[in-house]
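Down below is the structure, laid out as structure tokens.
Please treat every number below as a calculation from the coordinates, not as lab data. As the structure is a prediction and not an experimental result, all values here were calculated from the model. Cβ placement follows ideal geometry from the backbone for every residue including glycine, while neighbour counts extend to all protein chains displayed.
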């Protein structure tokens, strides 16, 4: 009986969380399309998120490339 009770509690909690996420999504979509839409603010935020993070993207790409090169070198030196 304890197992069934715990399963029910977990299921109810999961459904409550799912419902809260659905309400949050619905509110977000409603606020997205209701006026006033400030395009200049949206453009500023897009620029801040996109263009200001080029250094992070560059570093991530550089280190990923270095790791792939190192792994490729080790693999080719063993089997190549």
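The stretch between residue 40 and residue 16 holds 4.9 nm of extra length on full extension. This uses 0.36 nm per residue minus the Cα-Cα distance.
With a simple spin-label model that places each label point 7 Å from the Cα along the Cα-to-Cβ direction, the separation between residue 30 and residue 78 comes to 5.8 nm.
Here r is the Cβ-Cβ distance between residue 2 and residue 23 and R0 is 41 Å; the resulting FRET efficiency, rounded to 0.05, is 0.80.
Inverting the mean 1/r over all pairs of different Cα atoms, compute the Kirkwood radius of the chain and quote it in Å.
Working: mean 1/r = 0.0543 Å⁻¹.
Computed over the chain, the radius equals 18.4 Å.
Extending 7 Å from the Cα toward the beta-carbon at both residue 67 and residue 47 defines two label points whose distance is 3.4 nm.
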